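*Asks:* The structure follows.
None of the figures in this text is laboratory data; all of them are computed from the coordinates on show. Only a predicted model underlies this, so the values are computations on that prediction, with no experimental measurement involved. Neighbour counts are summed over all protein chains in view; Cβ atoms, including those assigned to glycine, are modelled from backbone coordinates with ideal geometry.
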Amino acid sequence: MVRIIAYDNAQQAHTVEASEGVSLMEALSASSVDFDGSCGGSLACASCHVWVGQDWIDRLPPASEAEEDMLDTAFNVKATSRLSCQIIIGPALEGLTVHLPGN
Ligand code: FES
């Protein structure tokens with residue numbers, strides 16, 4: 001299991017235990033945080049938008065053009081914005097921090 005720290009809209013930290021090979025969206029949706037990936041990870045929504053911790057953004061594989069296009073439709077987009085359904089959990093993400101944007 002890989003430990004992810006997710007900060008909710010009240011800046012409360014939640015530790016999420018994620019299985020390797022699932023997407024970050026799936027891990028967050030299965031956790032106690034209020035989170036949803038409406039399209040199931042098919043890049044047809046932006047509901048899985050997260051802000052990745054500043055220390056982590058350069059450690060992730062870059063977003064695809066399709067992810068960038070869908071991010072353009074999200075609210076509160078920042079330089080650290082990613083679609084969590086496109087981030088696959090692996091050991092290199094141990095301790096990843098993400099923030100859940102308010103809408
Ligand atoms: S769950 Fe819809 S784009 Fe990620």
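*Asks:* Which whole-Hz couplings ³J(HN,Hα) result when phi for each residue of region 60-66 is put into the Karplus expression 6.51 cos²θ - 1.76 cosθ + 1.60, θ = phi - 60°, listed in order with x for Gly and Pro?
*Replies:* Ordered by residue, 3J(HN,Hα) equals 9, x, x, 5, 6, 4, 5 Hz.
*Asks:* Continuing with the same structure: Can you give me the relative contact order of the chain as a percent, contacts being Cα pairs under 8 Å and 6 or more apart?
*Replies:* Over the chain, the number comes to 41 percent.
*Asks:* Roughly how many nanometres apart are two label points built 7 Å out from the Cα toward the Cβ at ASP34 and GLU65?
*Replies:* 3.8 nm
*Asks:* Using the crude model of +1 on Lys and Arg Cβ and -1 on Asp and Glu Cβ, and no other charge, please compute the dipole size for the chain relative to its Cα centre, in debye to 20. Walk me through the intermediate numbers first.
*Replies:* Details: 4 positive and 14 negative charges, 38 e Å.
It comes to approximately 180 debye.
*Asks:* Using the scaling law 2.2 N^0.38 Å as the reference, what is the normalised Cα Rg of the chain? Provide the component values of the computation, followed by the final result.
*Replies:* Working: Rg = 12.1 Å, N = 103, 2.2 N^0.38 = 12.8 Å.
The chain yields a ratio of 0.94.
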